[in-house]
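Each remark here refers to the structure printed beneath this line.
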Amino acid sequence: MVFPEYRPRRMRQNENFRAMIRETRLAPEQLVYPLFVMPGKGKKEEVSSMPGVFRLSVDQLKQEAKDCLALGVRSVILFGLPEKKDAVGSGAHAKNGIVQQAIKELKNTAPEMTVITDVCLCEYTDHGHCGCLVGKEVDNDATLELLAKTALSHAQAGADMVAPSDMMDGRVSEIRSTLDENDFHNVPIMAYSVKYASAFYGPFRDAADCAPQFGDRRSYQMDPANSREALREATLDVDEGADILMVKPAVAYLDIISRLRDEFDLPIAAYHVSGEYAMIKAAAAKGWIDEQRVMAETLLSIRRAGADIILTYFAKDMARLLRG
Ligand code: PBG
């Protein structure tokens, strides 16, 4: 036998061979596109730190949904910018709140679209924390009731799935039982199970106007140093009835996605967050990287690590690229 005995390059010599043995693929239906909904009419405002991402008024959603569906992107996740904020985030569960209006609009004008809602209070509280407060601390147990009310109001408005992102202990079971008591047993919960206290959320907080007015989120979001704790968080959510487990952010936490993939048999989602998007956009704008290739490589790496579903601001761009 001549050296080298095995030549991996044999199977890389042309695109047909490469495609034949490709282990990981990306498809548009695995992508979820985040939408920011704002009050008013005819509004489409670009988020300065997220080029290509817009805050939209409710009347703009129909066109947005049509664009997504035409590209094969079949699900969106909604974030709301309410007219008014208060200490307990009442706007989150208001019957005619901004997200509730957006759900109805989407279900009326684009019924094939899967509408997921982010369930959290931080966009609705005047202090910007993810729950109601006692002193300067977020009150876990009092917040649970508000989150469950919010999830229920989304389901009542027609949401297909709810996604709690608050990181309160016990919220999945509280939401599950509230939905079930109200005959919404068919509404799944995609839990932001492993959500780190990350600086990568910076641009999102501009977009959704939800930066905490004092302190930070480290008393409820996870310490970036921890991975065993991620398994514990995920186990709790499985036990409480989560249907999908999410890891967030994605790229700096590929090891966590991979560990969850190995340990759990539920579908895994990963949120490629605002800062991850903004970094690629900024470097590309400077001409330092090839935006499309870096986007595709990044999203593929998240799939390769084990995510079934990717929430990303690149959803439409990626779908366009896949379509060729
Ligand atoms: C709400 C929420 C946040 C994100 C998703 N849901 C912000 C935060 O926790 O501070 C971040 C998404 C992104 O950065 O793209 N709690």
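Summed over the stretch 208-247, the residues that are in contact with a Leu (Cβ under 7 Å, 6 or more places away or on another chain) and closer than 17 Å to residue 140 by Cβ give a count of 1.
Considering every residue within the stretch 287-307, establish whether at least one is of a type outside the set (A, V, I, L, M) and closer than 18 Å to residue 203 by Cα. Working first, answer last.
Step one: filter the stretch 287-307 for residues of a type outside the set (A, V, I, L, M), giving 287-288, 290-293, 297-298, 301, 303-304, 306.
Filter again for closer than 18 Å to residue 203 by Cα, leaving none.
No, there is no match, as no residue in the stretch 287-307 is of a type outside the set (A, V, I, L, M) and closer than 18 Å to residue 203 by Cα.
Within the stretch 198-207, restricting attention to residues that are within 15 Å of the chain's Cα centre (by Cα) and more than 7 Å from the ligand (Cβ to nearest atom), the residue that is farthest from residue 252 (Cα to Cα) is 207. So which residues in the stretch 190-210 are at pLDDT below 95 and in a loop (DSSP other than H, G, I, E, B), if there are any at all? Once the filter is applied, which keeps residues that are at pLDDT below 95 and in a loop (DSSP other than H, G, I, E, B), the stretch 190-210 yields 208, 209, 210. The condition of being away from the ligand (no atom under 16 Å from the Cβ), under 30 Å from residue 169 (Cα atoms) and open to solvent by 20 Å² or more (accessible area, probe 1.4 Å) holds for residue 262.
Looking across the stretch 270-287, the residues that are open to solvent by less than 30 Å² (accessible area, probe 1.4 Å) and either within 15 Å of the ligand (Cβ to nearest atom) or at pLDDT below 95 (or both) come down to 270, 271, 272, 273, 274, 275, 276, 277, 278, 280.
Only one of 119, 134 is under 18 Å from the mean Cα position of the chain (by Cα) and either free of Cβ contacts under 8 Å to residues at least 40 places away in the same chain or crowded, with 16+ Cβ neighbours inside 10 Å (or both); which?
Working: 134 fails: under 18 Å from the mean Cα position of the chain (by Cα).
Sole residue among the options that is under 18 Å from the mean Cα position of the chain (by Cα) and either free of Cβ contacts under 8 Å to residues at least 40 places away in the same chain or crowded, with 16+ Cβ neighbours inside 10 Å (or both): 119.
Applying a threshold of 8 Å to beta carbon distances and a minimum spacing of six or more residues, or different chains, the list of pairs starting in the stretch 236-249 at a residue that is within 13 Å of residue 266 (Cα to Cα) and modelled with pLDDT under 95 and ending at one that is part of a helix (DSSP H, G or I) and not charged (D, E, K, R) is empty.
Answer with yes or no whether residue 211 is within 11 Å of the ligand (Cβ to nearest atom) and open to solvent by 20 Å² or more (accessible area, probe 1.4 Å).
Details: within 11 Å of the ligand (Cβ to nearest atom): yes; open to solvent by 20 Å² or more (accessible area, probe 1.4 Å): yes.
So residue 211 passes the test.
Tell me the residue from 159, 151 that is more than 15 Å from the ligand (Cβ to nearest atom), buried (at least 22 other Cβ atoms within 10 Å of the Cβ) and at negative phi, please.
Working: 151 fails: more than 15 Å from the ligand (Cβ to nearest atom).
Exactly one of 159, 151 is more than 15 Å from the ligand (Cβ to nearest atom), buried (at least 22 other Cβ atoms within 10 Å of the Cβ) and at negative phi, namely 159.
For the stretch 214-232, a residue qualifies if it is closer than 22 Å to residue 260 by Cβ and open to solvent by 40 Å² or more (accessible area, probe 1.4 Å), and the qualifying residues are 218, 223, 224, 225, 226, 228, 229, 232. Mind checking which residues of the stretch 288-324 are within 16 Å of the ligand (Cβ to nearest atom) and over 20 Å from residue 51 (Cβ atoms)? 302, 307, 309 - these are the residues of the stretch 288-324 that are within 16 Å of the ligand (Cβ to nearest atom) and over 20 Å from residue 51 (Cβ atoms). From 141, 169, 126, grab the single residue that is of a type in the set (Asp, Glu), at pLDDT 95 or above, open to solvent by 10 Å² or more (accessible area, probe 1.4 Å) and more than 16 Å from the ligand (Cβ to nearest atom). Going through 141, 169, 126 in turn, just one is of a type in the set (Asp, Glu), at pLDDT 95 or above, open to solvent by 10 Å² or more (accessible area, probe 1.4 Å) and more than 16 Å from the ligand (Cβ to nearest atom): 141.
The values are calculated or read from the model by the stated rules, or taken from the named source; none is laboratory data. The structure presented is a predicted model; accordingly, all values stated were derived computationally and were not measured. No Cβ is skipped: glycine too gets one built from the backbone with ideal geometry, and neighbour counts run over all protein chains shown. What goes into the accessible areas is simple: the full protein's heavy atoms, side chains included, and nothing from ligands, DNA or RNA. Shrake-Rupley method; radii C 1.70, N 1.55, O 1.52, S 1.80 Å.
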